[in-house]
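Each value in this text was obtained by applying a stated rule to the coordinates, not by laboratory testing. If you're wondering where the values come from, they're calculated on a predicted model, not measured in any experiment. Cβ placement follows ideal geometry from the backbone for every residue including glycine, while neighbour counts extend to all protein chains displayed.
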Amino acid sequence: MKHSLSAAVLLLLLVLDPFGSLPVYLATLSAVAQERRLFLAIRESVIAFVILLLFMLSGQQFLTLMHLTERSLAVSGGVILFIIAIRMVFGEASGGLADTKISHEPFIVPLAVPMLAGPSAMATVLMMASTEQDNLITWILALAIAVAISCLVIISANQIRRIVGSDVVEATQKLMGLVLAAVATEMILSGLKKYFLGE
């Protein structure tokens, strides 16, 4: 399953789901002073980028250590993404975190982990780097772009909600969930094809 830079950025944005996570960002930033929100958003995004980059760079070593194949990673990764997609379309993509009251300035949790560098994102970058090792520079660039866009969404969370409204945010989340479901299905089919046809 080959990815171009634009396709990789889109896939990572679907997994990170910055627009669908707006309620979580708003709840998290409510306890943060206005003058510190820019610094906090950049700091948490950098932490998430470093975590995902480590997963990306150590992907092949991890597979070897755990005696896993690219086929199993493609299928399991696709299943995880499909579950996330279903939650985006039919339920709360944030896993209930939007209702959590944050009373202190967050550090790593919940913005960096699990909202940005969550299990699905880790599985995705691990799969991308392991299946297409010759495109590692492209994947790193795509990851940087996707995290940067997510950072901008965090910074602009209040403005986005005021401009587009909650209904548009929810509709966008469901649309992204549909696209992610298609991507997940393609990943599963790719893994099954390699298993049964020995490709």
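Starting from the Cα gyration tensor of region 140-199, take the square roots of the eigenvalues, sort them a ≥ b ≥ c, and report rounded, prolate or oblate (rounded when a/c is under 1.5, otherwise prolate if a/b is larger than b/c, else oblate). Oblate, because a/c is 1.5 or more while a/b does not exceed b/c. Dividing the helix sum by the residues of the chain, where each DSSP H run of 4 or more adds -39500 (n - 2.57), gives a mean residue ellipticity at 222 nm of -24500 deg cm²/dmol.
Ranked for footprinting exposure by Cβ neighbours inside 10 Å, fewest first, Glu44, Glu132 give Glu132, Glu44. Against the chain, whose longest principal axis comes from its Cα atoms, helix 70-90 is set at around 30 degrees.
Taking a sphere under 15 Å around the Cβ of Leu152 and counting the other residues whose Cβ falls inside, with K and R at +1 and D and E at -1, yields a net charge of +1.
Relative to the longest principal Cα axis of the chain, at what angle does helix 5-16 sit, 0 to 90 degrees, rounded to 10? Its long axis makes an angle of about 60 degrees.
Axis of helix 136-155 versus longest Cα principal axis of the chain: the two differ by about 20°, to the nearest ten degrees.
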